[in-house]
Amino acid sequence: MPRILIVTDAADAGEVVYSEKLVPAHLQSEHSGRLLVERLAWAVEDARRAERKRAETRRAPRKVDLEVVEEERAWIPT
């Protein structure tokens, strides 16, 4: 059976945001077709948000605990 998938665009592994089996009834009337398109629009927006969140997480500066760094350096033989 045909399936619609909305997957985030990611270099490592995309996240499936939306998955739906497509049946002829989805396109038999204007009303059901509009409902399908509405669900797709929501899924595309969710995927866009997920991609933006992932990108912001990658760009966020990482905090380094200098005390831990110094403690680890103390264990390194000189």
Residue set Arg73, Arg58, Arg34, Arg39; condition modelled with pLDDT of 90 or more, out of contact with any strand residue (DSSP E or B) (no Cβ under 6 Å at 6 or more places or on another chain), outside any loop (DSSP other than H, G, I, E, B) and exposed (fewer than 11 other Cβ atoms within 10 Å of the Cβ); output residue Arg34
(Q) On the basis of being over 30 Å from Pro2 (Cβ atoms), acidic (Asp, Glu) and either at pLDDT 90 or above or in a helix (DSSP H, G or I) (or both), does Glu20 make the cut? (A) no
Restricted to the stretch 1-31 and to residues being in contact with an Asp or Glu (Cβ under 8 Å, 6 or more places away or on another chain) and farther than 21 Å from Glu56 by Cβ, the residue surrounded by the fewest Cβ atoms within 10 Å (Cβ to Cβ) is Arg3
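The values are calculated or read from the model by the stated rules, or taken from the named source; none is laboratory data. No experiment lies behind these values; they were computed from the predicted model shown. FYI the Cβ positions are ideal-geometry reconstructions off the backbone, even for glycines, and counts take in every protein chain you see.
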